[in-house]
Structure formats: C-alpha cells, structure tokens
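A.B. asks: Supplied in structure tokens, the structure appears directly below.
The values are calculated or read from the model by the stated rules, or taken from the named source; none is laboratory data. The shown structure was predicted, so the numbers you read here are calculated from the model rather than taken from an experiment. Here the Cβ is made from the backbone with ideal geometry for all residues, glycine too, and neighbour counts use every protein chain on show.
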Amino acid sequence: MSFVTDFKPGILWKHFDRILTIPRGSKNEGEMRQYIIDFAREKGLETKTDKAGNVLLKKGPTEGRENNPVILQGHMDMVNEKNSDVDHDFDKDPLTPRREDDYLYATGTTLGADNGIGMAAALALLEDEEAVHSGLECLFTVDEETGLTGAAALESDMLSGKLLINLDSEEENAVTVGCAGGAGQDLTMQMEPARQPGGSSFEIRLSGLKGGHSGVDIHLQRGNAVSLMARLLHEIPDEFSLRLVDFRGGNMHNAIPREATAVFSDLKSKTDAIRTKLNGVFQEIKSEFKSVEPDIRMDISVGDAPEKAFSLDSSARALKLLLTIPHGVAAMSYDIPELVETSCNLASARIKDNMLRIHVSSRSSTASALYALQRKIGALASLAAASNQILEGYPGWRPDLDSDLLKTAREAYIEVSGKEPEVYAIHAGLECGIIKEKYPGLDMVSIGPQLEFPHSPDERVLIPSVADFYDVLKVMLRKIAE
C-alpha cells in the first residue's frame, strides 16, 4: 500500500494503488486480467472472458430496481514510456507514485491513469454498497493502446446492456460524444551497406521534448524528435559526405516521439565544421520551439568511423523521406470549432537489418480525408523507393447530441458540480466507435477525471477530479435506475 490509498474516495483509490504494482503494457495484460477475475470471484460476480482476453463482470440491480444493465467500459493496458535516464523494467517493476500539489504522477514513467482510473472506478462501483443501479456489466478490454485490437475482437454475445459509459476520457466536467478514426502505415526502405574508408563518426542525441498523446496533444505543436533529427542531419552540406550508421527514435504509434539518436560517418573528418553546422541549426530549432519545448537539448559525441556505414545514396534518400513525412495537424474541422479533423504522427523510425522502418499514425473524423493523407504519404514513400503498407484501422464515433444518455450525463454533472458540462468530440481513438459497430443500438457517452499529458512520463491526474468523476458516475447510475 502507498499514500495513494489515503485519497478520496478510498474505495476507488485502493484499486488504483494495487493497479500501480501490476505490469500491464499492451499485449501483456495477463496479471491485470487475473486481478480482475480474482476480485470477481471474491465478490461472487459472474465473469466471462472472450478469446481475445477481454473480461466482462456482471452484477445484478440494486434490490427493488428493474434490471436494465449499464455497461461500464475501460481498457486494461497502458503505454509504457519512461525517461531514458530512469532504470525501470515495465515487465516487473511497480510504478512509483509521487504527489505534487493536487496532482499525482509516477516517477520518471507514465502513470497509467489512462485507463487505470477508469478500471478502478468500475471495480469500486461493483462493490460500493451505496451505489444504486439497474445492474452493471463492466467490460475491461485488452490492447487498446496499440490499435484497439481488444475491442475489435470483442465477441458479439458479450454484452446485453443498451447503455454504455466509456471511462476513458481525460477532461473533468466534460462529456465526450464522438472521436476520430485512424490507421497506421508502415514504410520500409532498403539501406545499402558500404565500406567506410576512414573518417570520423558522430552520435547525435535529441532529448528533453515533451512528447504526449498523438491525438489529444497534436494541436499543441510540440516538437517531434524524429522529424527534428532528420531536419538537423539534412542541413549538413553534401560536401561532408554524410553516411548514416544508425537512426532510431520514437516507440509507440500513439505517442509523439520525445527522443531520437542518429549515428553518421564523415569521410573527410571535418569534425569542427560539422559540429558548428549542427549547433547552428539546433539553435534555430531551439529558438523556434522555445515556448513549447523549453527543455530540448542536443548532445554530440565524436569518435572513429566504423568499418561499415550506409551508402551516400541510401542515406540521402532516408533523410529526405523522414524530412518530408508530415507531422502535426493537417486540417481543422469545418463543423466543430477548435476540433482537429485530420492529423499525422511520424511515430517512429529505426534502422534494423539494413532496413529503415518508419511507422506513421494518421487520424481523421472524415474517412476520405484520412485516405487522402495516407495516399500522400504513400506517394512520398514511392519517390524514395520505399514500400508502403497501410494497416487495418478503426472507425470513428459520430456524435449524437439527442442521446438520452447524454441528457442523463448533463443532469448528473449539474447535480454534482452545479455546472453544465462541456460536450465535445475528440481527435483521438476511443473504443466506442468499434463497439458501436458491433452493437449498433448502443447509446453511449465517455467521461473521466482530469488527466493530462498521457503517454509520456509527465502524465498526471488531478486528484480532486477523481472524486467528482466517481460521484457523477454514481448519480448517472441512480438516475438510470429511477
């Protein structure tokens, strides 16, 4: 147990405190699933697990209430991101919570409040004797963070309820009623090895960027370490005969890259001239991003050139491709003020087995705009003699402003906070779109506490907002049961 159990409501935070100790990176949810199943057995709840590993817990209605089960839905997995100077094994080490003012963080890693708080809320409601409801179906899905594959594999006979409250939103006093669809794209380019006749080598490392969620935070115009590294290296004049030796940056498809490292050789050993050029370009970048990326830094180390590098031609094509792949907001919505319609995240790039492998994640609330952006990226790949594969994506969720459940959510927020909640759609993927496709008759909304900077080590949750979130859930359930 940690100090987290002292927060209110204790019935929720005790679960989150335990969740902090459970490894649950995407595709590694076995221990988390077992915790949920063990909890259900202890409480005598009906349990069902499908082939994908999604788990459903059922509880009958409060005595005297008609059976009309409400689905509470969240995901088990979290994004495993840490600062490079932090020694942490996500497969076995517990997360270390720390408090700053009214915010809860982890120490040097993601916190996993996305979606650990949602899971904890559902588990708490299943045992909260004060909660009045018409029956609960609590669905915990797997592998949400790497493509919503758990929801995509959800079996058609898992759910019976007609109302669904998704617990994966990240803004207090707000109700989400729609989300963007998206898909990944893999570009692969053959790199040609070449012998390196002398010279010197440079290792360049960019770090200190904020990163963040590639949907929720894309409009903040933060720096992308992969794009900026390509920009840095591309500015080195051809006369220095730059040959790539290594390139790596970014990890998760839905996280803006915070760090990147590149190694290249210089045939002519023009060490001072190259260092001067790199420092000059970096100062330009630092000045451009000073208000949004104040902690960006570049480190350079110089050594002897390795015996082998990649050819001048393939090095140049690789850098041009990385430089031209778009990153950031591509279009704003014509219909909803301040909503990003279409965006692109240059999520990762690395050289492995003589291949440059690039992953791009695109999102849009308009299917045709998403397709057009993917075609543009594919055309860039073709010009660089790289292959292009568009991965299976996920659908968006179209808002229904006449929803009865939305009306209930509005009433609940007014009762708890005295304020009308904001109602909006988000430029991120929620499992609602996929579940809605499988269960077309569902009425659904998404709510959550104030959660900031998910998918980065700066992730934090506003502690008082968790209590309000839980109270809103209880009021919604009570009103549905009336």
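A.B. asks: Select from region 208-257 the residues that are within 21 Å of E452 (Cβ to Cβ) and polar (S, T, N, Q) and write down the one among them that is surrounded by the most Cβ atoms within 10 Å (Cβ to Cβ).
C.D. replies: Filtering region 208-257 for residues that are within 21 Å of E452 (Cβ to Cβ) and polar (S, T, N, Q), the one surrounded by the most Cβ atoms within 10 Å (Cβ to Cβ) comes out as S214.
A.B. asks: Taking L383, is it aliphatic (A, V, I, L, M), surrounded by fewer than 16 Cβ atoms within 10 Å (Cβ to Cβ) and within 21 Å of the chain's Cα centre (by Cα)?
C.D. replies: Here the answer is no, as L383 does not meet what is asked.
A.B. asks: R375: more than 30 Å from V472 (Cα to Cα), assigned to a helix (DSSP H, G or I) and not hydrophobic (A, V, I, L, M, F, W, C), yes or no?
C.D. replies: Working: more than 30 Å from V472 (Cα to Cα): yes; assigned to a helix (DSSP H, G or I): yes; not hydrophobic (A, V, I, L, M, F, W, C): yes.
The answer is yes for R375.
A.B. asks: Still on this model: Test of understanding: among A369, A425, which residue is outside the structural domain of I71 (by TED's automatic domain parsing) and at pLDDT below 95?
C.D. replies: Values: A425 fails: outside the structural domain of I71 (by TED's automatic domain parsing).
The match here is A369.
A.B. asks: If you check L401 against the conditions, is it part of a helix (DSSP H, G or I), among the aliphatic types (A, V, I, L, M), touching a residue at least 60 places away in the same chain (Cβ under 8 Å) and not assigned by TED's automatic domain parsing to the domain that holds V340?
C.D. replies: Details: part of a helix (DSSP H, G or I): no; among the aliphatic types (A, V, I, L, M): yes; touching a residue at least 60 places away in the same chain (Cβ under 8 Å): yes; not assigned by TED's automatic domain parsing to the domain that holds V340: yes.
Answer is no for this residue.
A.B. asks: Could you say whether any residue in region 102-125 is in contact with a helix residue (DSSP H, G or I) (Cβ under 9 Å, 6 or more places away or on another chain), among the acidic types (D, E) and surrounded by fewer than 21 Cβ atoms within 10 Å (Cβ to Cβ)?
C.D. replies: yes
A.B. asks: Got at least one residue in region 314-331 being assigned to a strand (DSSP E or B) and either surrounded by 22 or more Cβ atoms within 10 Å (Cβ to Cβ) or in contact with a Gly (Cβ under 6 Å, 6 or more places away or on another chain) (or both)?
C.D. replies: Start the filter on region 314-331 by keeping residues that are assigned to a strand (DSSP E or B), which leaves 328-331.
With either surrounded by 22 or more Cβ atoms within 10 Å (Cβ to Cβ) or in contact with a Gly (Cβ under 6 Å, 6 or more places away or on another chain) (or both) added as a condition, the list becomes none.
Scanning region 314-331, I find no residue that is assigned to a strand (DSSP E or B) and either surrounded by 22 or more Cβ atoms within 10 Å (Cβ to Cβ) or in contact with a Gly (Cβ under 6 Å, 6 or more places away or on another chain) (or both), so the answer is no.
A.B. asks: Identify the residue in region 454-477 that is surrounded by fewer than 22 Cβ atoms within 10 Å (Cβ to Cβ) and either among the hydrophobic types (A, V, I, L, M, F, W, C) or not assigned by TED's automatic domain parsing to the domain that holds D402 (or both) and, among all such residues, is farthest from Y105 (Cα to Cα).
C.D. replies: Among those that are surrounded by fewer than 22 Cβ atoms within 10 Å (Cβ to Cβ) and either among the hydrophobic types (A, V, I, L, M, F, W, C) or not assigned by TED's automatic domain parsing to the domain that holds D402 (or both), it is V475.
A.B. asks: What strands (runs of 3 or more DSSP E) completely inside region 20-124 contain at least 2 residues that are in contact (Cβ under 8 Å) with a residue 60 or more places away in the chain, under 26 Å from D471 (Cβ atoms) and of a type outside the set (F, W, Y)?
C.D. replies: On the way: elements: 46-49, 55-59, 70-75, 97-100, 103-106.
Fully inside region 20-124 and qualifying: 55-59, 70-75, 97-100, 103-106.
A.B. asks: Please name all residue pairs, on different chains or six or more residues apart, with Cβ atoms under 9 Å, provided the first residue is in region 318-343 and is under 22 Å from L244 (Cα atoms) and the second residue is crowded, with 22+ Cβ neighbours inside 10 Å and among the aromatic types (F, W, Y).
C.D. replies: Final answer for the pair search is A318/F247; A318/F310; L319/F247; L322/F247.
A.B. asks: Take D85 and decide whether it is more than 29 Å from G429 (Cβ to Cβ) and modelled with pLDDT under 95. Break it down into steps so the answer makes sense when it comes.
C.D. replies: Working: more than 29 Å from G429 (Cβ to Cβ): yes; modelled with pLDDT under 95: yes.
Criteria met by D85.
A.B. asks: I would also like to ask the following. Would you list the strands (runs of 3 or more DSSP E) that sit entirely within region 171-229 and hold 2 or more residues that are over 28 Å from L244 (Cα atoms)? Before the answer, list the steps.
C.D. replies: On the way: elements: 174-179, 181-190, 193-195, 200-207.
Because the criterion is at least 2 residues that are over 28 Å from L244 (Cα atoms), the strands (runs of 3 or more DSSP E) in region 171-229 that meet it are 174-179, 181-190.
A.B. asks: So which residues in region 373-384 are out of contact with any helix residue (DSSP H, G or I) (no Cβ under 6 Å at 6 or more places or on another chain) and either acidic (D, E) or farther than 23 Å from D217 by Cβ (or both)?
C.D. replies: The initial filter retains those residues of region 373-384 that are out of contact with any helix residue (DSSP H, G or I) (no Cβ under 6 Å at 6 or more places or on another chain), namely 373-379, 381-383.
Within region 373-384, R375, G378, A379, A381, S382, L383 qualify.
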